[in-house]
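**Q** Please read through the structure below; I'll follow up with questions.
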């Protein structure tokens, strides 16, 4: 009898230990429910739950429900939010602007070499997030960015002329300077305030996103879209070190392996995804998708690199930033 009770007690303790290992994690992202990233993250969460036997449950919070992405990054850093897949917030560390440096890459092949696993930007961003007590699990390539306007474009392919159009830009110096270099009047606003700002005429459009983002969040106020390749948009899948350290080694291994597969799959479809969303803007919404020539894009790139890059390098630290650019040119 005593032996039976002893075995029961051991089983109960083991059961409690197993229960204690279970983790319920909250994952934030910026897009509405049903958007591409939302669907992909829910599939990722299902995969993690299945592979860990229910030990790790990831609940997805779309549409910045846990706060604007700038706030969420700070909360991930201190363990108040477990996970996020989102754009870079540069408020804590200005060096993180390097991820969205305008015209850093010009095509998808180069982008994958630079931002993909083993690339200089992938490694650099991992290091910078680590300094904030955040583990970067994966890069998530989104698109080459463009400009959404609720008005007709003025000289969209000529960066030498000011057009008087006011656009919302992220609170990142690189975007503000780029907006000016391309002839716009930049107005830094939180992402969560951008739609209403366009509706009431505070700004005439948005800069800092791409076709998918404008379709998902701004399609009712996107009259024209200029695929200017303003920057290469990459989001990052993040987890708080505090949350990661609560998982056992096996579950961490599952999470890391799934995140790598998640990133690999995204690189395979991102380019086609960009073309799809540009087409949907035109076909479904009647948006005027402006066609820019290679010469016009080259003129934009040259002007931004000449006027914006030196300012940003001063902000990042000349020696540190130039070392990154040198390595990009070699990839």
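**Q** Which of the numbered conditions does residue 89 fail, given that it passes all the others? Conditions: (1) within 30 Å of residue 310 (Cβ to Cβ); (2) in a helix (DSSP H, G or I).
**A** Of the numbered conditions (1) within 30 Å of residue 310 (Cβ to Cβ); (2) in a helix (DSSP H, G or I), the odd one out for residue 89 is (2).
**Q** Is there a residue being within 20 Å of residue 210 (Cα to Cα) and not assigned by TED's automatic domain parsing to the domain that holds residue 326 anywhere in the stretch 48-60?
**A** No, the stretch 48-60 contains no residue that is within 20 Å of residue 210 (Cα to Cα) and not assigned by TED's automatic domain parsing to the domain that holds residue 326.
**Q** Here is a follow-up. Give the residue, chosen from 151, 202, 169, that is farther than 25 Å from residue 320 by Cα and surrounded by 21 or more Cβ atoms within 10 Å (Cβ to Cβ).
**A** Being farther than 25 Å from residue 320 by Cα and surrounded by 21 or more Cβ atoms within 10 Å (Cβ to Cβ) holds for just one of 151, 202, 169, which is 169.
**Q** With 282, 261 as the choices, which residue is over 16 Å from the mean Cα position of the chain (by Cα) and either assigned by TED's automatic domain parsing to the domain that holds residue 42 or within 25 Å of residue 135 (Cβ to Cβ) (or both)?
**A** 261
**Q** Would you be able to tell me the number of residues in the stretch 92-113 that are touching a helix residue (DSSP H, G or I) at 6+ places or on another chain (Cβ under 8 Å) and in a loop (DSSP other than H, G, I, E, B)?
**A** 8
**Q** If only one of 303, 271 is outside the structural domain of residue 49 (by TED's automatic domain parsing), surrounded by 14 or more Cβ atoms within 10 Å (Cβ to Cβ) and assigned to a helix (DSSP H, G or I), which one is it?
**A** So the residue among 303, 271 that is outside the structural domain of residue 49 (by TED's automatic domain parsing), surrounded by 14 or more Cβ atoms within 10 Å (Cβ to Cβ) and assigned to a helix (DSSP H, G or I) is 303.
**Q** Check every one of the helices (runs of 4 or more DSSP H) wholly within the stretch 145-264 and list those with 2 or more residues that are touching a helix residue (DSSP H, G or I) at 6+ places or on another chain (Cβ under 7 Å) and in contact (Cβ under 8 Å) with a residue 60 or more places away in the chain.
**A** Helices (runs of 4 or more DSSP H) meeting the threshold: 173-181, 211-218.
**Q** Of the residues 89, 35, 43, which single one is crowded, with 20+ Cβ neighbours inside 10 Å and either modelled with pLDDT of 95 or more or under 30 Å from residue 219 (Cβ atoms) (or both)?
**A** Answer to the check: 89.
The values are calculated or read from the model by the stated rules, or taken from the named source; none is laboratory data. For clarity, every value in this text was computed on a predicted model and none was experimentally measured. A quick note on method: Cβ atoms are made from the backbone with ideal geometry, for glycine too, and the neighbour counts reach across all protein chains shown.
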